[in-house]
Amino acid sequence: MVLTERVAPAPVKSVAEGAPPRRPNKSQGVAYLFLAPWLLGAIGLTVAPMVVSLYLSFTDYDLFNTPNWVGVDNYVKLFSDDPRYLQSVGVTLRYVAVSVPLKLLLALGVALLLNSLRGLGQAFFRSAFYAPSLLGASVGLALAWRAIFDTWVDTPDMALTTIILLSAWQFGAPMVIFLAGLQQIPRDMLDAAEVDGAGWWRRLFSIVLPMLSPVMFFNLVLETIHAFQAFTQAFVVSGGRGGPADSTLFYTLYLYERGFTEFRMGSASAMAWVLLVVIAVITAVLFRTSRYWVFYGDER
Amino acid sequence: MKAHKVVGLLIGAALVASGCGGGGGTASGGPAEIKFVWWGNDDRAKLTNEAVKLFQERNSNIKVTTSFQNFQTYFEKLSTEIAGGNAPDVIQMDYRYLNEYAGRNVLLDLTPNLGKEIRTADWNQGFIGSGKLNNKQVAMPLAQNATAIAYDPKLFADAGVEEPAIGWTWQDYKDRAGKIQAKNENKIAGSTDFGGTEDVFETWLRQRGKKLYADDGKLGYTKDDLKAFWQLSKDFRDAKATTPPELVTTLNAGAEQSPLGKKLSASEHSYDSLFGGYNTVRPNELKLGPYPSDSKDSLGSYRKPSQLISVSARTKAKDASIKLVDFLLNDPDAGKILGANRGLPANLKVREQVSQNLTGTNKVIFEYEKSVDAKLGDAPAAPPKGDGAIYKLMQRTHEEVVFGKKSIDQALEDFFGEAERALS
């Protein structure tokens, strides 16, 4: 994800403070030269297709024939003429609302546990807990999951829960980031608190969590964005249909069906843009709330 | 964003395709490279690749690359490839999707080649017409199949009930399936729930003298028809004669994955051409029988093109592609290799030749077709655009009924609303 490169976790700050001020750079051309491979990829594979898809979202493009301009028709129809669209929005919101907190709690819990270990033990368990995430996006794992929870995924009431559990189980990435954050917390601060008589819980709530809040924020934003885009697991577990009875009709799955099995690529593009805007708005809201609960070390 | 990435890939694919497309041979008889795709399973892939190999041996200047998927993913991949300007040259096509693709001008009109490059002298002329849309021959039927009940004769015998045979009714089916299920203490169902499958619904409609689509392409049935059909499926469930809700699966998942293939059901509605798939997972255990029918005259089944074969309208190797099509359809040696894997060969001479020397799967399929042949009707016109969506819609809305999410009446309301939208 591009975002990992842009929103760096805050603890990096403490390092930056010690660095000498940056010299003004005369030859920016060299910088662009080195950036070129990335820029080419970003423009060719991300920006340009996005612009095309924005255009297509205002057309009746059907994959095969020349698109015709239909104005905002695709957008209007999504909300006025399509019960399945609302179903897919509902499924996705439920998934995001449950799977993100669950995954982050698990990641934080395991990170705290691992942080209390030292030496080889930590390295081993860190790898062990991270393993499911490495395999996470793989189709094979989703297939295995499907086979294990056979009856669950074939029952409408349990199918979504199964996919939520599958996603929560892959808590490795946020866990590693939490762990890095935990190791940035100054040892002397914790020692001082301990000398002052603070117990484990007191240290957790008064020092560890506040110091960790920038990392929590980072993980929250990232995982929320990921969750909205969840596709692979739902696609594989439901056999590509979002079933049974539309109970796992994720937004992305419906979008895919629209575009590639119903050939309504214009409408699918409109769906993608609605998703993009919703994710942008939710991310912005998260950023707004961050000022009330995210604590950067330099504040008083 | 996933969608954008997908679009990106498409554009990338388009660029690559347009950049590299110049190399393909165009001159008649010159070297050419063509891509041939189909849906099916390993069993079919083995035979098809063998036939393609023979074709290449005889035409050393033509190189054929092949690929296959299961039915569902096949059409998703195909649409993407065509949109990306990377269309395969020779395409196995489904009756249900014929209008979907031909209506969008992506299939080559083979009319000028009929009787010439594509030999048709040994064909049932009526059957050729099943590949025709608006007077354009956009596909050639590859083989003929018909709806059938695939079943496990041992389970029928153990429960002391008769096997499917012409003349049996839906009531008979329910009674026998109920007895089988009781005998197996509900661990093996008597039948597979059929209420969500449009293929079964179509056959059932035809038994009652109706059609899936009227001549103008609108729905050929009313709410009452579908209601009666869903009620029939519910009667099976109430009588404990069919699979439980969590096994509501489809033919699309492949015979291997179906309740009968997994030995969770004693019988299911299917196509005779799928028998090879069943036979892979349950070798020599299963048989084919006719659909039950309440009509004395009609089984509802018809001579269906089990698959068709088309050439892409944008192919750069038209002659080589047509040559491959003709080879697969008409060459006696290709016929020998392919057997009845896709159903009965369309070329009657090839069919005759294959029937001389029948073994295993081919034998079962041929004997079944022979036993019902007198009762088979001609194929209806290819379903209109939107049928692919309605097929899935029926499955989905029926699932909602089975899981008790909706009453039959509510589901009917939703079904007809969405179906009419899909056809518009």
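For the structure I just gave you, tell me whether A:Ser88 is out of contact with any strand residue (DSSP E or B) (no Cβ under 8 Å at 6 or more places or on another chain), within 14 Å of chain B (Cβ to nearest Cβ) and either more than 30 Å from A:Trp200 (Cβ to Cβ) or modelled with pLDDT under 80 (or both). When the stated conditions are applied, A:Ser88 passes them.
Conditions (1) on the phi > 0 side of the Ramachandran plot; (2) more than 7 Å from chain B (Cβ to nearest Cβ); (3) touching an Asp or Glu at 6+ places or on another chain (Cβ under 8 Å), marked per residue:
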{"site": "A:Phe235", "(1), (2), (3)": "no, yes, no"}
{"site": "A:Gly242", "(1), (2), (3)": "yes, yes, yes"}
{"site": "A:Phe263", "(1), (2), (3)": "yes, no, yes"}
{"site": "A:Leu276", "(1), (2), (3)": "no, no, no"}
{"site": "A:Val281", "(1), (2), (3)": "no, yes, no"}
{"site": "A:Val285", "(1), (2), (3)": "no, yes, no"}
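Selection within the range B:229-260: residues that are modelled with pLDDT of 90 or more, of a type outside the set (Val, Ile, Thr) and in contact with a Lys or Arg (Cβ under 9 Å, 6 or more places away or on another chain). The member of this set that is nearest to B:Val364 (Cα to Cα) is B:Leu260.
Got at least one residue in the range A:203-210 being at negative phi, outside any helix (DSSP H, G or I) and aliphatic (A, V, I, L, M)? Within the range A:203-210, none of the residues are at negative phi, outside any helix (DSSP H, G or I) and aliphatic (A, V, I, L, M). Residues in the range B:205-227 that are assigned to a loop (DSSP other than H, G, I, E, B) and of a type in the set (Ser, Thr, Tyr): 2 in all. On the stretch given as the range B:96-149, residues that are of a type in the set (A, V, I, L, M, F, W, C) and over 23 Å from B:Asp215 (Cβ atoms) total 12. Evaluation of B:Gln353 against the conditions (1) buried (at least 17 other Cβ atoms within 10 Å of the Cβ); (2) polar (S, T, N, Q); (3) outside the structural domain of B:Glu246 (by TED's automatic domain parsing); (4) over 20 Å from B:Asn279 (Cα atoms) shows that the sole unmet condition is (1). Of everything listed in (1) without any contact (Cβ under 8 Å) to a residue 12 or more places away in the chain; (2) out of contact with any helix residue (DSSP H, G or I) (no Cβ under 8 Å at 6 or more places or on another chain); (3) not aliphatic (A, V, I, L, M), the single unmet condition for B:Lys263 is (1). Filter the range B:270-292 down to the residues that are in a strand (DSSP E or B) and touching a Leu at 6+ places or on another chain (Cβ under 8 Å), then identify the one that is nearest to B:Asp94 (Cα to Cα). If we take residues in the range B:270-292 being in a strand (DSSP E or B) and touching a Leu at 6+ places or on another chain (Cβ under 8 Å), then B:Tyr271 is nearest to B:Asp94 (Cα to Cα).
For the range B:60-97, filtering for residues that are away from every other protein chain (no Cβ under 13 Å) and farther than 22 Å from B:Arg314 by Cβ leaves 2. Looking at the range B:329-421, the helices (runs of 4 or more DSSP H) lying wholly inside it that each contain 3 or more residues that are away from every other protein chain (no Cβ under 14 Å) and not β-branched (Val, Ile, Thr) sit at B:332-338, B:348-356, B:360-372. Going through the range A:59-79 one residue at a time, which ones are within 12 Å of chain B (Cβ to nearest Cβ), under 30 Å from the mean Cα position of the chain (by Cα) and surrounded by fewer than 17 Cβ atoms within 10 Å (Cβ to Cβ)? Within the range A:59-79, just A:Lys77 meets the criteria. For the range B:163-184, check the following and say yes or no: at least one residue is assigned by TED's automatic domain parsing to the domain that holds B:Thr242, among the hydroxyl-bearing types (Ser, Thr, Tyr) and part of a loop (DSSP other than H, G, I, E, B). Yes: one or more hits. Residues of the range B:56-81 that are buried (at least 21 other Cβ atoms within 10 Å of the Cβ) and touching a Pro at 6+ places or on another chain (Cβ under 8 Å): B:Ile62, B:Leu78.
Can you tell which of A:Leu286, A:Leu255 is surrounded by fewer than 23 Cβ atoms within 10 Å (Cβ to Cβ) and not acidic (Asp, Glu)? Before you say what the answer is, go through the steps one by one.
Details: A:Leu255 fails: surrounded by fewer than 23 Cβ atoms within 10 Å (Cβ to Cβ).
Result of the check over A:Leu286, A:Leu255: A:Leu286.
Restricting the range B:233-260 to residues that are away from chain A (no Cβ under 14 Å) and either touching a Phe, Trp or Tyr at 6+ places or on another chain (Cβ under 6 Å) or part of a helix (DSSP H, G or I) (or both), which is surrounded by the most Cβ atoms within 10 Å (Cβ to Cβ)? Here the residue is B:Thr242.
When the criteria are applied in full, A:Ala198 fails the requirement of being assigned to a helix (DSSP H, G or I) and either more than 14 Å from every other protein chain (Cβ to nearest Cβ) or aliphatic (A, V, I, L, M) (or both). For the range B:61-86, the tally of residues that are part of a loop (DSSP other than H, G, I, E, B) and either at pLDDT below 90 or touching a Gly at 6+ places or on another chain (Cβ under 6 Å) (or both) stands at 4.
Every condition in (1) part of a helix (DSSP H, G or I); (2) within 14 Å of chain A (Cβ to nearest Cβ) holds for B:Asn49 except the one numbered (2). For the range B:358-389, a residue qualifies if it is more than 30 Å from B:Pro345 (Cβ to Cβ) and touching a strand residue (DSSP E or B) at 6+ places or on another chain (Cβ under 8 Å), but none of them does.
The values are calculated or read from the model by the stated rules, or taken from the named source; none is laboratory data. Predicted model, so just to flag it, every value in this text is computed and none were measured. Please note: Cβ atoms are built from the backbone with ideal geometry, for glycine as well, and neighbour counts cover all protein chains shown.
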